[in-house]
């Protein structure tokens with residue numbers, strides 16, 4: 001049962017979908033572009049000083065654009081491969097069991113209360129409403145029965 005619960009709590013398919021989404025890549029692009037700029041304009045020139053004499057800003061920009069285009073096709077595949085490895089390397093059931101077993105009974109009770117608070121509130125209101133209706137119906141039957 002806990003194995004099923006652990007995959008429901010942390011479904012790898014959902015996590016993988018979010019990680020490999022184009023929205024996620026779009027959020028990372030500015031930082032990646034900044035690193036590629038630093039690499040092409042600083043590190044590459046430090047490692048290959050002679051090469052820097054032959055590569056101008058136009059070529060550097062073309063290289064950056066080529067890297068960014070390649071990244072768009074490479075990123076989802078790399079993230080999918082990473083998630084596949086992660087799925088086989090991490091025993092999700094043991095992680096969940098270990099985390100839950102570290103909780104005290106009071107902590108588990110607190111978590112369950114927080115999760116079910118709204119549902120219990122609804123049950124209280126529904127119970128009071130139905131109780132009131134049943135009471136009114138009984139009063140009506142008693143009045144009509146006389």
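Select from segment 30-54 the residues that are touching a helix residue (DSSP H, G or I) at 6+ places or on another chain (Cβ under 8 Å) and either over 25 Å from residue 75 (Cβ atoms) or loosely packed, with under 11 Cβ neighbours inside 10 Å (or both) and list them in ascending order. Listed by number, the residues that qualify are 45, 51, 52.
Listed by position, the helices (runs of 4 or more DSSP H) inside segment 49-131 whose residues that are touching a residue at least 12 places away in the same chain (Cβ under 8 Å) number at least 3 are 57-89, 92-102.
So that you can scan it fast, the table gives a plain yes or no per residue for (1) assigned by TED's automatic domain parsing to the domain that holds residue 26; (2) at pLDDT 85 or above:
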residue: 40; (1), (2): yes, yes
residue: 63; (1), (2): yes, yes
residue: 71; (1), (2): yes, yes
residue: 76; (1), (2): yes, no
residue: 85; (1), (2): yes, no
residue: 119; (1), (2): no, no
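Inspect all residues belonging to segment 124-133 and state whether any of them is at pLDDT 80 or above and touching a helix residue (DSSP H, G or I) at 6+ places or on another chain (Cβ under 8 Å). No, because not a single residue in segment 124-133 is at pLDDT 80 or above and touching a helix residue (DSSP H, G or I) at 6+ places or on another chain (Cβ under 8 Å).
The values are calculated or read from the model by the stated rules, or taken from the named source; none is laboratory data. As the structure is a prediction and not an experimental result, all values here were calculated from the model. Neighbour counts are summed over all protein chains in view; Cβ atoms, including those assigned to glycine, are modelled from backbone coordinates with ideal geometry.
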